[in-house]
1. Would you say residue 31 is closer than 17 Å to residue 90 by Cα and surrounded by 16 or more Cβ atoms within 10 Å (Cβ to Cβ)?
2. If the Cβ limit is 7 Å and pairs must be 6+ apart or interchain, which residue in region 47-61 that is farther than 13 Å from residue 74 by Cα pairs with which residue that is near the ligand (Cβ under 8 Å from one of its atoms) and among the acidic types (Asp, Glu)?
3. Looking at region 41-54, which of its residues are open to solvent by 10 Å² or more (accessible area, probe 1.4 Å) and under 18 Å from residue 111 (Cβ atoms)?
4. Within region 69-77, identify whether any single residue is loosely packed, with under 13 Cβ neighbours inside 10 Å and in contact with a helix residue (DSSP H, G or I) (Cβ under 9 Å, 6 or more places away or on another chain), and answer yes or no.
5. What do you reckon, is residue 37 among the polar types (S, T, N, Q) and in contact with a helix residue (DSSP H, G or I) (Cβ under 7 Å, 6 or more places away or on another chain)?
6. What pairs come out if I take residues in region 85-107 that are under 9 Å from residue 120 (Cβ atoms) and pair them with residues that are within 13 Å of the ligand (Cβ to nearest atom) and among the basic types (Lys, Arg) whose C-beta lies under 9 Å away, six or more apart or interchain?
Amino acid sequence: MSEENHIKATREAMSKAYVPYSNYPVGVLIVTDNGNTYTGCNVENASYPLGNCAEASAIASMVMGGEKKIKHIYVMTKNDEGGIPCGGCRQRIREFSDSNTEVFMCSKDGVQGRVNISELLPNSFGPEHL
Ligand code: THU
């Protein structure tokens with residue numbers, strides 16, 4: 001899939017977000033090391049802390065697909081500067097990352113910036129510490 005198609009699919013994921021409380025939709029698309037893609041959106045709840053981030057739902061879908069290695073992850077919001085994972089999602093992404101894993105910060109128009117997960121979560125804790 002081309003980057004243009006990745007953006008389209010991420011936008012489609014963002015359009016499915018259930019965000020009646022924050023009105024802040026997030027769409028995520030993961031590209032795995034095998035080149036397969038998995039998407040997710042945020043799903044909020046009247047009991048606010050029970051809401052799920054878009055990254056969490058895309059990661060769950062990837063694991064259900066039998067995959068565990070994130071190559072790229074697109075994070076899209078309505079903001080012009082693009083989406084950026086929250087602290088908790090940085091740790092979620094890190095679990096399935098290696099030193100090359102990149103986060104693509106996207107607005108609805110496309111990729112606005114690229115950053116390595118190790119820059120977002122330096123000196124991080126991970127599976128190899130256990
Ligand atoms: N949100 C995500 O889905 N991913 C992030 O990394 C940042 C925050 C969601 C959670 C909530 O539904 C809304 O954005 C506002 O915080």
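The values are calculated or read from the model by the stated rules, or taken from the named source; none is laboratory data. Remember, it's a predicted structure, so these values are computed and weren't measured experimentally. All Cβ positions, glycine included, derive from the backbone under ideal geometry; neighbour counts span all protein chains shown. Note: accessible area is taken over every heavy atom of the protein model, side chains too, but ligands, DNA and RNA are not part of it. Shrake-Rupley method; radii C 1.70, N 1.55, O 1.52, S 1.80 Å.
1. Answer is yes for this residue.
2. Pairs found: 51/44.
3. Selection gives nothing.
4. Looking only at region 69-77, we keep the residues that are loosely packed, with under 13 Cβ neighbours inside 10 Å, and these are none.
No, the conditions are met nowhere in region 69-77.
5. Yes; evaluated as a whole, the condition is true for this residue.
6. 85/92; 103/90
Each row is one residue, and each column tells you yes or no for (1) over 18 Å from residue 63 (Cα atoms); (2) not in a helix (DSSP H, G or I).
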position: 92; (1), (2): no, no
position: 97; (1), (2): no, yes
position: 104; (1), (2): yes, yes
position: 113; (1), (2): yes, yes
position: 122; (1), (2): yes, yes
